[in-house]
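Q: One structure coming up, written as structure tokens, with questions to follow.
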Amino acid sequence: MNIKQMLEKTAREVPQKTAIILGSQRVTYRELDEASNRVANALISLGMKKGDHVAILMSYTPEWLINYFGVVKAGGKTVILNAMLKAPEYDFLLRDSDSTILLTEKGFLRCYL
């Protein structure tokens, strides 16, 4: 069983059980599974193919994990970028990793504008 199958199985068996807790924010296994399905579908609609490298540059929040599972469900390979690096380091890592898509959040856009 792989990580995608494990999430889907857990979401079926205990959908209301809490999967993620961050402060007062809670996400159930059902919510995690459904949200990651939406990300996977969005990536595929953007043209992502199985095996494509997808970089994730986000702070460590529930959305980070949702995006991670979305990439996995879409058949991509995740490239996890350290949120503490600087723009030149990201440039190198993105080029070196052959990432075709970058998932990020507003706070990191300053690195590229």
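Q: Tally time: how many residues in region 87-100 are of a type in the set (Ser, Thr, Tyr) and in a helix (DSSP H, G or I)?
A: 2
Q: Here is a follow-up. Looking at this structure, is residue 28 touching a strand residue (DSSP E or B) at 6+ places or on another chain (Cβ under 7 Å), at pLDDT 95 or above, among the β-branched types (Val, Ile, Thr) and farther than 20 Å from residue 108 by Cβ?
A: yes
Each row is one residue, and each column tells you yes or no for (1) in contact with a Leu (Cβ under 9 Å, 6 or more places away or on another chain); (2) surrounded by 13 or more Cβ atoms within 10 Å (Cβ to Cβ); (3) at pLDDT below 95; (4) assigned to a helix (DSSP H, G or I).
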position: 8; (1), (2), (3), (4): no, yes, no, yes
position: 12; (1), (2), (3), (4): no, no, no, yes
position: 15; (1), (2), (3), (4): no, yes, no, no
position: 48; (1), (2), (3), (4): no, yes, no, no
position: 56; (1), (2), (3), (4): yes, yes, no, no
position: 59; (1), (2), (3), (4): no, no, yes, no
position: 71; (1), (2), (3), (4): yes, yes, no, yes
position: 82; (1), (2), (3), (4): yes, no, yes, no
position: 85; (1), (2), (3), (4): yes, yes, yes, no
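Q: For region 34-50, name all the residues that are in contact with a Gly (Cβ under 9 Å, 6 or more places away or on another chain) and closer than 17 Å to residue 94 by Cβ. Steps first, answer last, please.
A: Let us first name the residues in region 34-50 that are in contact with a Gly (Cβ under 9 Å, 6 or more places away or on another chain), namely 35-44, 48-50.
Across region 34-50, the qualifying residues are 43, 48.
Q: Starting from region 20-42, take each residue that is touching a residue at least 24 places away in the same chain (Cβ under 8 Å) and in a helix (DSSP H, G or I) and list its partners that are of a type in the set (D, E, K, R) and loosely packed, with under 14 Cβ neighbours inside 10 Å, counting only C-beta distances under 6 angstrom and pairs at least six apart or across chains.
A: The qualifying pairs do not exist here.
Q: Conditions: (1) under 12 Å from the mean Cα position of the chain (by Cα); (2) β-branched (Val, Ile, Thr); (3) farther than 21 Å from residue 106 by Cα. Residue 66 meets all but one. Number of the miss?
A: For residue 66, the exception is condition (3).
Q: Considering each residue of region 17-46, count those that are surrounded by 13 or more Cβ atoms within 10 Å (Cβ to Cβ) and among the hydroxyl-bearing types (Ser, Thr, Tyr), and give that number.
A: 3
The values are calculated or read from the model by the stated rules, or taken from the named source; none is laboratory data. These numbers come from a predicted model, not from an experiment. Backbone-built Cβ (ideal geometry, glycine too); neighbour counts: all protein chains shown.
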